[in-house]
Amino acid sequence: MPYHHRRFALLKAVLAISAVVPVGSASRNADAQESDACSKRGSKHKECLPEVTFTGFRSLPDGRSQVFVELTSLVPVSVHKDHRTVEYTLANCRVPLRNNTRPLLTSEFVSSVASARLVPGKDAVKLVIQLDADVEPEHRVLPRGKGVVLEVTVPALPNKP
């Protein structure tokens, strides 16, 4: 059988299968099974908690900077500030990848942020931000993709006289 006939036969087979199996049905079934398992175990079970999927830092053109944490779903956030340390406690969530707990070192950027790090605990995760100046960061939680993101915006370094 010539090559182009084999390609055509393979394409027909793929199209026939895709007509029978809806795209994404396997992931929907997996999500439904996970949801059922979580409802049986209780929502505080480790595998059922929302997860931190990414942590990052960006320097904005106006001198401000942002530390952000992406999560699979909405969690309560509380804030505690002590001089040049700000802690954001993300209740009832977990960090499944240890790499996401590594510090974000920002010393090479002109920023009020010295470092940021996720510190996992038993029932919560803390985002600990060390500041180079006594400034007041602002935070907000926004929907992003299939989850949410905690954005902490830190003002620019104050001008020294």
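The values are calculated or read from the model by the stated rules, or taken from the named source; none is laboratory data. This is a predicted model, so every value here is computed, not measured. Ideal geometry is used to build each Cβ from the backbone, glycine not excepted, and the neighbour counts take in all protein chains shown.
Only one of these is within 17 Å of Phe54 (Cβ to Cβ) and in contact (Cβ under 8 Å) with a residue 40 or more places away in the chain: Val86, Val77. Name it. Talk me through it step by step, then tell me what you get.
Numbers: Val86 fails: within 17 Å of Phe54 (Cβ to Cβ).
From the options Val86, Val77, the qualifying one is Val77.
In this structure, does Arg64 turn out to be surrounded by 12 or more Cβ atoms within 10 Å (Cβ to Cβ) and without any contact (Cβ under 8 Å) to a residue 60 or more places away in the chain? When the stated conditions are applied, Arg64 does not pass them.
Condition check ((1) surrounded by fewer than 17 Cβ atoms within 10 Å (Cβ to Cβ); (2) in a strand (DSSP E or B); (3) at pLDDT 95 or above) across all residues:
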{"residue": "Ser115", "(1), (2), (3)": "yes, yes, yes"}
{"residue": "Val125", "(1), (2), (3)": "no, yes, yes"}
{"residue": "Asp134", "(1), (2), (3)": "yes, no, no"}
{"residue": "Leu142", "(1), (2), (3)": "yes, yes, yes"}
{"residue": "Val152", "(1), (2), (3)": "no, yes, yes"}
{"residue": "Leu157", "(1), (2), (3)": "no, no, no"}
